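The values are calculated or read from the model by the stated rules, or taken from the named source; none is laboratory data. Keep in mind that what you see is a predicted model, and the values were worked out from it rather than measured. Cβ sites come from the backbone with ideal geometry, for glycine too, and all protein chains shown count toward neighbours.
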Amino acid sequence: MQTVVQLGLFEQKQIVKLPKQDSEWGTFKDSLKAPVHRWFTYPAGFSYKAVEHSIERFDIAPGQTIYDPFMGSGTTNLTAKTLGIHSFGVEAHPFVYRITQAKMNWEVERGHVLDFLKTVRLELPNLALSYQPTAVKAEFPELILKCYQINTLADLLALRTLVTECKMSDELREFFFVVVTALLREVSTAATGWPYIAPNKQKVTSLDKDVLTEFCNLARRMISDVEEIKVWSNGRYQHTTHTLINGDSRNTTGQIPDESVDHVFTSPPYLNNFDYADRTRLELYFWGEAKTWGDITRDVRDKLMTSATTQIARSDSKYEISAELQADCPEVAEFVDTAVTELASRRLHKGGKKSYDLMVAGYFNDIHQIVRDVYRVLKPNTKALFVLGDSAPYGVHIPTDKLIGDIGLGVGFSDYEIEVLRTRGDKWKENPQRHSVALRESIVILSKR
């Protein structure tokens, strides 16, 4: 078992444990049951109930503005729209950004959806039959071929063609883009549950699923979701504006004005070596937006903040602790430097020699810039909430919540508090390669005077 290193940390803050009923706010479980939220099961999602609670707790009213610098699949922005609150959202992953754009469009009409379904029922069977197996196999990377029966893949290719080429409004096309995307893992005969893909494991529940039937049923459910969420909103959404940005939340100058935001609710990537680009590989490969690991790295992975060793090139100097972090937050920089030194030593004795040292340095360089930019866009007398977990790469404990709080103080926030949602990592305790540190998921609340 690995020995956990608890590095010394400076001034301690009071940490509050939240009631048990709030413990899953950092998970996507509640959103899996909510209209529109459930369209895309993004592995980095969190509960819409947490956003609702924060809006109520801090008296954010209709007409005010909320911001999520890690928009993901749009939980914060969707919740804001439902409650009549304006929003900004920034997402660096272009594919996930596109999903959120579609989820935020509630002007799709049932009649137009049903009209396209008629077209699909008429044209898909013959179009799918026209594809020779060799042509289907030539269209997709090997991963896709391993995840579907050839007749299923022909049907999906026909769907892709119809959605891409049929004449319709951009809003309707994006709606059906999400319908097909949501369908992909449902009809796969491989184990493709989030977040991992296991092509060698068969999912027998999908063997008899008919693509056309599943597609039509899913489209009807999704247009019903749009109608239901509009009822939930009771018309409040009609008076809101939502600025969604496919970009970099480390610096939104020129996109989000100074002191224009009343509240921030977000969940940054956890420092747990989770490759967000790779988790959408199935979808990117299917839509032809990538064909190789290199494509994903160039078009997605390199655009994301540092949180995975797959992003690291050891020769790149950007993974040194930045001068800006050292200037604003010298004690945080010193702590991170100590952790980086320890990790650099430990990796040399590990089989994978993972670059956790550089990942930790890059992560806090990026988080520092993001928290600084969040401070810029917030109005005085407001709060910024970050939902996140700590980590212990190679057994070196990194209290991410505490460090983000102290970065907040370094860039101008007046105070912060930490509220613990739940403990994490318990299910791995039988793994002899796993560290034994008790991890947690928390909400860091930064206050701006």
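Summary of values
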{"read-out": "Selection count, region 211-251, where residues are surrounded by 13 or more Cβ atoms within 10 Å (Cβ to Cβ) and assigned to a loop (DSSP other than H, G, I, E, B)", "value": "6"}
{"read-out": "From the options Ala339, Ala344, residue that is small (Gly, Ala, Ser), closer than 21 Å to Arg314 by Cβ, in contact with a strand residue (DSSP E or B) (Cβ under 6 Å, 6 or more places away or on another chain) and modelled with pLDDT of 95 or more", "value": "Ala339"}
{"read-out": "Qualifying residues in region 315-346 (those that are part of a helix (DSSP H, G or I) and β-branched (Val, Ile, Thr)) - the one surrounded by the fewest Cβ atoms within 10 Å (Cβ to Cβ)", "value": "Thr341"}
{"read-out": "Residue satisfying all of: in region 301-314; assigned to a helix (DSSP H, G or I) and of a type in the set (Ser, Thr, Tyr); nearest to Gly410 (Cα to Cα) among these", "value": "Thr309"}
{"read-out": "Subset of region 340-359 (residues that are farther than 10 Å from Tyr394 by Cβ and touching a Leu at 6+ places or on another chain (Cβ under 7 Å))", "value": "none"}
{"read-out": "Those residues of region 419-437 which are surrounded by fewer than 20 Cβ atoms within 10 Å (Cβ to Cβ), of a type in the set (A, V, I, L, M) and either modelled with pLDDT of 95 or more or in contact with an Asp or Glu (Cβ under 8 Å, 6 or more places away or on another chain) (or both), in sequence order", "value": "Val420"}
{"read-out": "Which numbered condition Leu156 fails, given (1) buried (at least 18 other Cβ atoms within 10 Å of the Cβ); (2) in contact with an Asp or Glu (Cβ under 7 Å, 6 or more places away or on another chain); (3) assigned to a helix (DSSP H, G or I)", "value": "(2)"}
{"read-out": "Test: residue in region 252-270 that is exposed (fewer than 15 other Cβ atoms within 10 Å of the Cβ), out of contact with any Gly (no Cβ under 6 Å at 6 or more places or on another chain), part of a loop (DSSP other than H, G, I, E, B) and acidic (Asp, Glu)", "value": "yes"}
{"read-out": "Hey, Ala158 under 21 Å from Tyr42 (Cβ atoms) and in contact with a Ser or Thr (Cβ under 9 Å, 6 or more places away or on another chain) or not", "value": "no"}
{"read-out": "Filter pass, Arg298 being surrounded by fewer than 20 Cβ atoms within 10 Å (Cβ to Cβ) and assigned to a loop (DSSP other than H, G, I, E, B)", "value": "no"}
{"read-out": "Region 159-171, residues that are touching a residue at least 24 places away in the same chain (Cβ under 8 Å) and either buried (at least 21 other Cβ atoms within 10 Å of the Cβ) or more than 25 Å from the chain's Cα centre (by Cα) (or both)", "value": "Leu159, Thr161, Leu162, Cys166, Met168, Ser169"}
{"read-out": "Of residues in region 354-383 being among the acidic types (Asp, Glu) and either in contact with a His (Cβ under 9 Å, 6 or more places away or on another chain) or in contact (Cβ under 8 Å) with a residue 60 or more places away in the chain (or both), the one nearest to Val264 (Cα to Cα)", "value": "Asp373"}
{"read-out": "Answer from Val387, Val374 - the residue that is closer than 16 Å to Phe58 by Cβ, in a strand (DSSP E or B) and among the β-branched types (Val, Ile, Thr)", "value": "Val387"}
{"read-out": "Counted residues, region 196-210 - those being aliphatic (A, V, I, L, M) and either buried (at least 18 other Cβ atoms within 10 Å of the Cβ) or not assigned by TED's automatic domain parsing to the domain that holds Tyr148 (or both)", "value": "1"}
{"read-out": "Subset of region 378-411 [touching a Cys at 6+ places or on another chain (Cβ under 7 Å) and either among the hydrophobic types (A, V, I, L, M, F, W, C) or modelled with pLDDT under 95 (or both)]", "value": "Ile407"}
{"read-out": "Those residues of region 64-80 which are farther than 15 Å from Phe40 by Cβ and not in a helix (DSSP H, G or I), in sequence order", "value": "Gln64, Thr65, Ile66, Tyr67, Asp68, Pro69, Phe70"}
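For every residue, the table says whether it meets (1) hydrophobic (A, V, I, L, M, F, W, C); (2) closer than 22 Å to Ile223 by Cβ; (3) part of a helix (DSSP H, G or I); (4) modelled with pLDDT of 95 or more.
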{"position": "Val90", "(1), (2), (3), (4)": "yes, no, no, yes"}
{"position": "Arg98", "(1), (2), (3), (4)": "no, yes, yes, yes"}
{"position": "Leu114", "(1), (2), (3), (4)": "yes, yes, yes, yes"}
{"position": "Lys118", "(1), (2), (3), (4)": "no, yes, yes, yes"}
{"position": "Glu123", "(1), (2), (3), (4)": "no, yes, yes, yes"}
{"position": "Leu129", "(1), (2), (3), (4)": "yes, no, yes, yes"}
